[in-house]
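Working notes, beginning with the structure itself.
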Amino acid sequence: GLMDQRQDLEDELANAESLLNKSEAQFPDSVESIEYGEDLFEIAGDCGVEITKVTASAPANKPVGTITYSVSSFVVVVSGATENILDFIYAVRIGDDFQLPWSAEVKTVNLDVAGSTAAVSLDIYGYKG
């Protein structure tokens, strides 16, 4: 049922986080990750949610046609009212009128309505030229 599915998702998330934490230890925080993180905190503030945890992978170059993007994977844990969390996810997905030098693709959202938190997994594409 749903509870099993949810447990599976939580297990997957725990595994992913432990993998992220291991890979994180091997890379210094990239400048890009720090900049994206600041933007994410700003968007969270605007949406009335609090970011309680951010894990980021080292960026990898990804060519798309003639353009190369720098792609970083993030897991962002936010807390707040469900409506505000949804606003945050939506804002990150559409860039929310920010003139940001990056765009985000939201991969998964694990929303814990009871605890008013969500773990949002996203890939951020930064333009490298």
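The values are calculated or read from the model by the stated rules, or taken from the named source; none is laboratory data. Remember, it's a predicted structure, so these values are computed and weren't measured experimentally. Cβ placement follows ideal geometry from the backbone for every residue including glycine, while neighbour counts extend to all protein chains displayed. Each accessible area value is taken on the protein alone, full model and side chains, heavy atoms only, with ligands, DNA and RNA left out. Shrake-Rupley method; radii C 1.70, N 1.55, O 1.52, S 1.80 Å.
Taking 7 Å steps out from each Cα toward its Cβ at residue 116 and residue 64 produces label points 3.5 nm apart. Ordered from highest to lowest accessible area with the whole protein assembly present and a 1.4 Å probe, 100, 9 read as 9, 100.
Taking 7 Å steps out from each Cα toward its Cβ at residue 50 and residue 106 produces label points 2.2 nm apart. The figure for residue 86 is an accessible area of roughly 90 square angstrom, using a 1.4 Å probe on the protein chains alone. Cβ-Cβ distance of residue 6 and residue 83, R₀ of 25 Å, FRET efficiency by 1/(1 + (r/R0)^6): the value works out to about 0.75.
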